[in-house]
Structures are given as structure tokens and as C-alpha cells.
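These notes concern the structure reproduced below.
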Amino acid sequence: MNSLAVERSKAPRRRRPLSTIAAAALTCGLLASGLPAQAAAPTVAAPMRQVYMAPPELTGEPAVGGLLKADLSWTTPMVVPEGGSPSLAFQWTRDGQVIPGATGQTYRATMADYGRVVTAVVTVTYDADSTLTLQARESLRIAAKPRARGFNADNTMDIFARDSAGRLLLYPTDGRGHWQTAQVIGTGWNTFNHLFSPGDFDGDGTVDVMGRDAQGRLFLYQGNGAGGWKKAIQVGQGWQGFTAISGAGDFNGDGTNDLIAKDSSSNLVLYPGNGRGGWLPSYTIGWGWGRFDSIFSVGHFQGRSDLAVAARGPYGNLNVFETPRDGWFERFAGVSVGWGWEALTTIGSGGDFNGDENIDVFAIDRSGSLNMYYGNGADYLANGLPGGYWKGQETVGWGWGGFTAVF
């Protein structure tokens, strides 16, 4: 008996209604249990579980028209204590603001993203009280439309070719490994001794072409996005001393497309574009490039945000040099991705020929056959097998030996 009950036992006894006695007994029981009168026993809740996962990695092509992916293949969500299966929800942001409707694991960058910073956020949910939200490890500035996005507004790879009469032809693809009808898009192009495409160089959202003439003048031919032209403007002079000139994509990460050029001393020079058809200050990014020829951009060749430039060496080796888009190469030695390329007269890249979102390389052999070498980009990153840079090769055209320029 508790103390309260003892004190009450000393008082004079009186008859109390039965209901009063029952209420008193309930009160004594609650007090004896240490709970306040009229309080209900609390419900014991299950402990909140802790969710663990590493942030996603952004892979793909951070450029207008490019496909980005919030890659989780290298990490697995888990919860402690264990139990249940997680659900994943994605959201993409632009300069920190949510992009409406961008809720998939992949996101294709648009012109609205040009020059702006895009990233992804993933939320892992096991139950209402067990969730984790993570931002991707990278935030990527979206570059101007690259060469790989084509010339005729369908966002697929095209190849330019100049014939012996000076006509410039466009060979469009359907984005699935098939050619569409070739088109003559210009005449009088035999005045140029070098032709190439820098992608969108003037920032208007369409792919352009550049040509150098015998006087060393550099001209920009502005594409209109429909397989034709706006106008031609001179954007440089004194370029006759370069033995190689190529588009490099957004090499320095500021969102605009740049050029690389090899000078007579075998130095590799970066000419950053200003996004308006002009230039920022140039500087040397490599030395001893005299041993390489056929220098060309292969975009995001390994399926990640790093940008790559390919060059053929003196023994027929094809090397790839990558940059994290900071204006410098990651490794000056490069990585060999193949041998036996000395038998090919022309090598270049126009983007993804077969529609698997990997950059491919084209090459013309001495018989005039056009061969496509299918890149293995993102798959190589996943499996890391030696020699895994290629899925195979295929002859996709004949009679290309008669062209005086293919790019």
C-alpha cells in the first residue's frame, strides 16, 4: 500500500458509492505506476533508420543537346536496420533552381542551359521516416552546341565533304546508323586550304564551319540550323603558319567553344572563343606535338564530362588526351586507344553515328572506303577492360577517296 492509501486509512469510514470506489482505485493504480492521473501509456515507436549512399556522379556530354546522367552504378543505397527496398527520385537544377519536368535519371541539355550550371539531386526513400537527399558530386557548366550535334537541326551526326569542283556537301544521318540524302550546301569552297567545324562558335545555338584561305585568313560561316547559312565573317588572320587547326569544344570550361592549333614549332596552342565569334587570349597547352598528325576533337569520348582530343602518332597509334575542362590536359602523354591507324588517309569524328550516345570515329582508307569505328565510351568506364574503347568497326560508305576535304 502506498503512503496516500495509508493516510486515507486513518480517516473515519463513510459509505461511498461504488463508482467513487472504482475511480479511487484507478487513481491509486496510476499513481503507483508513476504516471500522472488521466494519462494514457505512450506507444513505443520504431527507431528511425539511417540511410546511406554516396552522391551520384554526373556523366555524359555537358553541352547543348548533350545527354547527362546521374550515375549511381558505382554506389548502392543501404539502410540500417535493414529492411525493404528503396525508391529513387531525381530532380535537375539550373543555377540552383529546379528545372520543371526534369525528374528522370537522365537530362538532355537545352539552349536554356547554355552557359549555366546544371546538376542533379537524388532522394532515396525506404519509408516516410527513412530518406536521404544528395546532390551530385559535380555541377557542370553547359557548353555551346558541339560539332556532334549536327548541322541541320535534327541533333544528329552529319559529315561535311568537299569535292574536286569545290562544292561543299552535307551527308546527314538519321541518328541510328543510316545516311539520309546528301545535299550540296555551298560552292566555291576550293579557295580554302583547310576546313573544319568548331561547333557553335558564335553562341546562336547552331553549328558553324570555319575555313582558312591561302593568305592565312580565317573565316566563320555561320550555320542557320537548317542545313544552310546566315553569313560569312572573317575572324582571324595570320593562321597560315599552323600545320593543324581543329575545334576543341569547351576546353576551358567557360561554356564557349574553343580551337586548338599546332604551330611550326610543334607547340599546341589553345584559342579560346568568347562565345560571340571572337577570341579570348591564346596560350600554349602542349609541346612536342610534331610527332602527331590528324589532331581532332572526340568530344566526351569516355562517356564522362572530361573533354578529349585525339591524335595519330608516328607508328599508327591513336592517342586520346583528356582535359577536365580547366584549360589544360590532364596527362600530357595521353592514352593509346588503338594501333594500325597509319593505313588511313583521313581520320576525324562527327559525333555519334549509331545512336548509342557514344562518340564514334570515322576514317577513309586508301581504297576510298569510309569506315566507322564505334566508340565504347561509358561502357568502358563501367567495365574498365583493356582494349574496351571500341565496340567494333563497319564500312559505311564507298568512293570517299575523291573528296578533297572530309570533316
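Some observations on this one:
- Test result for Ser349, on the phi > 0 side of the Ramachandran plot, of a type outside the set (D, E, K, R) and either open to solvent by 10 Å² or more (accessible area, probe 1.4 Å) or assigned to a loop (DSSP other than H, G, I, E, B) (or both): no
- Filter result for Gly216 (on the phi > 0 side of the Ramachandran plot and in contact (Cβ under 8 Å) with a residue 12 or more places away in the chain): yes
- A residue that is under 32 Å from the mean Cα position of the chain (by Cα), exposed (fewer than 15 other Cβ atoms within 10 Å of the Cβ), in contact (Cβ under 8 Å) with a residue 24 or more places away in the chain and in a loop (DSSP other than H, G, I, E, B) occurs somewhere in segment 163-176.
One line per residue, one yes/no per condition, for (1) out of contact with any Lys or Arg (no Cβ under 9 Å at 6 or more places or on another chain); (2) among the acidic types (Asp, Glu):
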{"position": "Leu168", "(1), (2)": "no, no"}
{"position": "Gly175", "(1), (2)": "yes, no"}
{"position": "Trp179", "(1), (2)": "yes, no"}
{"position": "Ser197", "(1), (2)": "no, no"}
{"position": "Asp202", "(1), (2)": "no, yes"}
{"position": "Thr206", "(1), (2)": "no, no"}
{"position": "Met210", "(1), (2)": "yes, no"}
{"position": "Ala214", "(1), (2)": "yes, no"}
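- Given (1) over 23 Å from Ile285 (Cα atoms); (2) surrounded by fewer than 22 Cβ atoms within 10 Å (Cβ to Cβ), number of the condition Gly238 does not satisfy: (1)
- In segment 333-376, the qualifying residues are those that are farther than 22 Å from Asn152 by Cα and among the hydroxyl-bearing types (Ser, Thr, Tyr), and the one that is farthest from the chain's Cα centre (by Cα) is Ser367.
- Residues satisfying the stated conditions in segment 278-313, i.e. among the β-branched types (Val, Ile, Thr), part of a strand (DSSP E or B) and within 25 Å of Glu138 (Cβ to Cβ): Ile285, Val309
- For segment 79-93, the condition holds for at least one residue, the condition being that it is under 19 Å from the mean Cα position of the chain (by Cα) and among the polar types (S, T, N, Q).
- The residue that is surrounded by the fewest Cβ atoms within 10 Å (Cβ to Cβ), among those in segment 358-391 that are among the polar types (S, T, N, Q) and at pLDDT below 95, is Asn383.
- Residue among Gly275, Gly316 that is open to solvent by less than 20 Å² (accessible area, probe 1.4 Å), modelled with pLDDT of 95 or more, closer than 17 Å to Asn252 by Cα and not in a strand (DSSP E or B): Gly275
- Taken over segment 94-124, the criterion of being in a strand (DSSP E or B) and either touching a residue at least 60 places away in the same chain (Cβ under 8 Å) or buried (at least 18 other Cβ atoms within 10 Å of the Cβ) (or both) is satisfied by Arg94, Tyr107, Tyr114, Val118, Thr119, Ala120, Val122, Val124.
The values are calculated or read from the model by the stated rules, or taken from the named source; none is laboratory data. Quick caveat: nothing in here was measured; it's all calculated off a predicted structure. Glycine gets a Cβ as well: all are built from the backbone with ideal geometry, and neighbour counts include every protein chain shown. Just so you know, the surface numbers come from the protein's heavy atoms only, side chains and all, with ligands and any DNA or RNA stripped out. Shrake-Rupley method; radii C 1.70, N 1.55, O 1.52, S 1.80 Å.
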